[in-house]
Structure formats: C-alpha cells, structure tokens
Amino acid sequence: QGAVKRQALYACSTCTPPGGEPAGICLACSYECHGTHRLFELYTKRNFRCDCGNSKFKNLQCKLLPEKSKVNSGNKYNDNFYGLYCTCKRPYPDPEDEIPDEMIQCIVCEDWFHGRHLGAIPPESGDFHEMVCQACMNHCHFLWAYASQLAVPALTKVNSLEDEGIVLKVEESEEQKKEIKKEGGVEHQEMKEEKQTEQFNEPSTSSGSDFLNIYGFCSKFLQKFPVETAKTASESSLCKLKELQSKQFLKKDTATFWPSNWRSKLCTCADCLKMYSELEVQFLTDECDTVLAYENKGTSDQETERRDPLMDTLNSMNRVQQVELICEYNDLKTELTDYLRRFADEGTVVKREDIQHFFEEFQSRKRRRTNRMQYYCS
C-alpha cells in the first residue's frame with residue numbers, strides 16, 4: 001500500500017540493533033516475520049512504509065512481500081526505533097526509574113515524553129486530547145498565537161511582561177491603518193448615501209420628482225453594490241492567524257495541551273497553508289490524522305466485522321425471500337452439524353475432500369427436493 005496514513009509500528013532490535021540503521025515494521029510483519037524477535041512497540045506513526053526485508057535487514061527477507069524497495073526515503077525516524085524516548089533518552093519501561101509517570105506522545109514529532117519532562121504540569125488526561133512538545137512549539141512558533149485561545153488550560157491574555165514568558169505584540173502596520181481608515185470612510189459614505197436615498201424616497205406631487213426619485217434610487221443602488229461585494233471578498237480572505245498575532249499572547253518554553261476540536265480552528269488561508277507546507281506540518285489541518293480518529297476507525301471496523309452477514313443479507317430481501325433463506329440456512333446448519341459430529345466422535349481430522357463431498361451431497365439432496373416441489377394447486 002505504500003506509505004500508510006497512520007498505522008501501528010514496531011522496531012526489531014534483533015534485526016536492527018543499536019548502531020545500525022533505524023527501521024520500522026508493520027503489525028503484520030511483526031507476527032509473520034519477527035515472531036520470536038525482540039521488538040519495541042512504537043504505537044502509531046504517520047505516513048510510514050514498512051521496512052521489513054529491505055536493505056536495512058541484512059539477513060532477512062519479508063515473508064509477506066519479498067520484493068520491496070531498498071529504502072523508504074519518505075519514512076521519518078527518531079530514537080524511538082532504538083527503544084529510547086523523551087528528552088532523557090531512556091527506555092520505557094525504565095528499570096532504573098522508580099518515579100511513576102505517564103508517557104504522552106507529541107502529535108508533531110510523534111516522540112513520547114515523560115509528563116515531568118514537558119516543562120509544564122500536564123492537565124488531567126481526560127481534559128486534553130493532544131500535546132505538542134517544547135521543541136515542536138519552537139518549530140511551529142505560530143501555535144503560540146492559537147494557544148492563548150485554545151490551549152488547555154487556556155493561556156490568559158497578559159498586559160505586561162512576565163518573568164516566565166515573553167509577551168509578543170504585533171503592531172498594526174501603516175497599510176493596516178490605511179485599510180481601517182479606508183473602511184471607516186466607506187462606512188461614512190454609505191451612511192451619507194442612505195440618508196440621501198431617504199430624501200429621494202420622500203413623497204412628491206410632481207411626476208418629474210417621481211422620476212428623479214426612481215433614477216436616484218437605482219443609481220445609488222448600483223454604486224453601493226460593488227462596494228459591498230468588495231467588502232465581502234475582503235472579509236472572506238481574512239487570516240485568523242494574523243488576527244490573533246495582532247493581540248498580546250504569552251510565549252513560554254513549555255509543551256502545550258490541546259482539546260479535541262482545536263485543529264478545525266486553525267486558519268486555512270493561502271498564506272497559512274503555504275506556511276504549513278514549509279514547516280512540513282500540513283497534517284495539522286487534517287482531523288482524520290488524529291490518533292483518536294485512528295482508534296475510532298479501528299473500533300468501527302471491528303463492529304463491521306462482528307456483524308452477522310446473514311442478517312445483513314436478510315435486511316435486503318422481501319418477506320418471501322427471507323423465509324426461504326432462513327429455511328435453507330437452518331437445513332444447512334443442521335446437516336453440517338450432524339456431518340461434522342461424526343468426525344468428532346471418531347476423533348478423525350476433517351479434510352478438504354470431506355467438506356467438498358458434504359456440499360456435493362447437500363446440493364444433490366436440494367435438487368431432488370426442488371424437483372418434487374409443486375408450483376400449482378392440485
């Protein structure tokens with residue numbers, strides 16, 4: 001399938017020990033090709049293609065897909081592939097660490113961190129859904145503007161410098177001031193035009209005045225229409241990020257914690273999309289990229305697999321077809337159970353030929369019953 005959008009991954013320390021090239025394997029290969037090896041569970045990674053059997057594995061060929069590309073250049077690796085996590089670069093669980101601590105995954109770099117090594121006390125696990133670590137907050141500096149509104153707990157607006165953070169304030173540029181002044185002028189002009197329109201609409205006793213009233217109303221309407229259109233277009237192209245950056249916000253050297261729907265509130269204007277691409281974080285605007293979405297999809301797939309195919313088929317049939325199918329199903333179930341019970345009583349193995357023989361006999365009996373059936377009143 002190539003690079004899978006998100007999947008569970010493992011690293012095999014038996015095949016790729018520390019000092020060698022890092023490599024990741026999919027869940028299927030962890031069972032089929034590395035069943036007896038020592039594996040590190042990496043949980044999920046995005047846009048990753050299984051390395052099993054490629055050039056990083058010197059003495060192993062993948063049993064599921066022997067012919068693979070030598071290298072997956074699109075894959076990203078970190079210390080997790082050697083069983084090391086967090087800024088402390090320790091294994092998990094750590095036999096030398098006696099402090100119980102929760103490990104939290106950063107949704108940008110996808111490394112795992114101890115809660116005490118994030119620079120901030122994590123909220124209760126149920127209060128937030130995603131975390132961005134300190135290094136990734138420095139990399140994605142634009143997120144600090146959103147943190148003032150969306151982070152958990154929300155960073156409150158400040159009016160002065162604080163020792164533990166830096167207050168950033170983006171002053172209005174001359175162009176922005178001109179734009180505000182221009183918009184104010186337009187609004188003033190619109191009010192003036194509306195007042196003039198009211199004067200045109202006042203009752204008049206002469207036909208000439210009526211004509212002037214109608215003409216004046218139409219001309220004013222045509223003048224006003226393109227102004228409103230331009231204003232609407234301008235409003236639709238506003239950048240949410242620039243609006244937030246124009247206000248004061250606190251920037252700290254800590255990780256940040258985010259609620260479930262925060263990604264949908266990121267700006268998607270052309271400039272911001274370009275910035276996401278340059279920072280290689282386009283996935284932040286994709287709600288399906290979240291681990292929660294991945295887990296929900298797995299739950300949905302399991303529910304689909306657990307559904308009874310017979311009931312799904314019955315729901316698509318009319319009443320007569322439903323009765324016929326249920327009768328045929330019960331006949332098949334009864335005869336197959338009786339047939340297999342003989343093997344169980346005798347302690348013999350059921351072979352492929354036995355099953356084929358059963359269905360041939362079953363179909364033969366069914367044809368004999370059908371041939372004797374009358375389709376008319378006697």
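Screening residue 56 on (1) on the phi < 0 side of the Ramachandran plot; (2) open to solvent by 40 Å² or more (accessible area, probe 1.4 Å); (3) in contact with a Gly (Cβ under 8 Å, 6 or more places away or on another chain); (4) not small (Gly, Ala, Ser) shows it passes everything except condition (2).
Being of a type in the set (A, V, I, L, M), in contact (Cβ under 8 Å) with a residue 40 or more places away in the chain and open to solvent by 10 Å² or more (accessible area, probe 1.4 Å) narrows it down to one residue among 108, 132; which is it? Within the list 108, 132, the selection yields 108. Selection of the range 346-360 for residues being of a type outside the set (Gly, Ala, Ser) and open to solvent by less than 80 Å² (accessible area, probe 1.4 Å) yields 348, 350, 354, 355, 358. Counting the residues of the range 39-79 that are over 16 Å from residue 20 (Cβ atoms) and either assigned to a loop (DSSP other than H, G, I, E, B) or at pLDDT below 90 (or both) gives 14.
Checked against the criteria, residue 343 counts as of a type in the set (Phe, Trp, Tyr), surrounded by fewer than 14 Cβ atoms within 10 Å (Cβ to Cβ) and over 27 Å from the mean Cα position of the chain (by Cα). Annotation note: Cβ proximity below 7 Å between a residue of the range 281-301 that is of a type outside the set (D, E, K, R) and a residue that is open to solvent by 70 Å² or more (accessible area, probe 1.4 Å) and not in a helix (DSSP H, G or I) (sequence gap 6+ or interchain) occurs for 285/268; 292/129.
Out of 316, 300, 264, one residue alone is surrounded by fewer than 11 Cβ atoms within 10 Å (Cβ to Cβ), modelled with pLDDT of 85 or more and either more than 21 Å from residue 104 (Cα to Cα) or in contact with a Lys or Arg (Cβ under 6 Å, 6 or more places away or on another chain) (or both). It is 264. Which residues, counting only those in the range 251-263, are within 19 Å of residue 119 (Cα to Cα) and either of a type in the set (Lys, Arg) or not assigned by the TED database to the domain that holds residue 126 (or both)? Those that are within 19 Å of residue 119 (Cα to Cα) and either of a type in the set (Lys, Arg) or not assigned by the TED database to the domain that holds residue 126 (or both): 251, 252. Restricting the first residue to the range 331-352 and requiring it to be part of a helix (DSSP H, G or I), which pairs with a second residue that is surrounded by 13 or more Cβ atoms within 10 Å (Cβ to Cβ) meet a Cβ separation below 6 Å and a spacing of at least six or different chains? What qualifies is 339/358; 343/350.
The values are calculated or read from the model by the stated rules, or taken from the named source; none is laboratory data. Owing to the predicted nature of the structure, the values given are computational and were not obtained by experimental measurement. Positions of Cβ are backbone-derived with ideal geometry, glycine not excepted, and every protein chain shown enters the neighbour counts. Surface accessibility is based on the protein's heavy atoms, side chains included, excluding ligands, DNA and RNA. Shrake-Rupley method; radii C 1.70, N 1.55, O 1.52, S 1.80 Å.
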